[in-house]
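Worksheet: the structure to be examined is printed underneath.
No value in this document is a laboratory result; all are computed from the given coordinates. In this text the structure is predicted, and so the values were computed from the model without any measurement. Here Cβ is always computed from backbone atoms with ideal geometry, including for glycine, and neighbour counts include all displayed protein chains.
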Amino acid sequence: MAGTGARTRIGEVRTVGIPVTDQDRAVSFYVENLGFEKRLDAAFGPGRRWVEVAPPGATTSIALMSVPAGGAGVDTQIRLATDDAAAAHADLRARGVDTDEELLLVPIPMFAFRDQDGNRLVIVQQPGAGSRP
């Protein structure tokens, strides 16, 4: 409840999950196309893996959660930050990443892209960073 003065023992968001149909293919996409680093790859029960990737230096990671075919391709609602959305857009397009055709400039520069399974993520320019294209 708001206004009760209650405190939380929760300190930060550590990991968010994205459904993927092939974890190895997903790791390749996030590491090779986005420049993320693989932080964790460990057995998680019989025949399962827990795989996390993240931008270098980030405190929050993305878990690449294995799901059956048809279980991926969602709008993740994840927003990734950049100092220059126009440069990030051009870079990802040059790498063959499925991005929106153009940069959205209002309220701040941003664009969406889709990973190898069609999961949608958005890159937003940090307020006050760079110049508006």
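Numbers below:
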quantity: Ranked by how many other beta carbons lie within 10 Å on average, peptides 27-37, 99-109 from highest; calculated: 27-37, 99-109
quantity: Total charge dipole magnitude, the range 1-73, about the Cα centre, Cβ charges on Lys, Arg, Asp, Glu only, Debye to nearest 20; calculated: 340
quantity: Full-stretch length increase - ILE78, VAL31 - with 0.36 nm per residue and alpha-carbon distance subtracted; calculated: 15.2 nm
quantity: Extreme residue, positive dipole direction of the chain, given options VAL124, ILE18, SER28 (C-beta unit charges); calculated: ILE18
quantity: Net charge dipole size for the range 49-121 [Lys, Arg +1 and Asp, Glu -1 on Cβ; Debye, nearest 20]; calculated: 240
quantity: Pairs of Cα atoms farther than 19 Å apart, the chain, %; calculated: 55
quantity: Sorted peptide list for 80-92, 49-61, criterion being average Cβ within 10 angstrom, highest first; calculated: 80-92, 49-61
quantity: Cα centre as origin, Lys/Arg/Asp/Glu Cβ charges: the chain dipole, Debye; calculated: 560
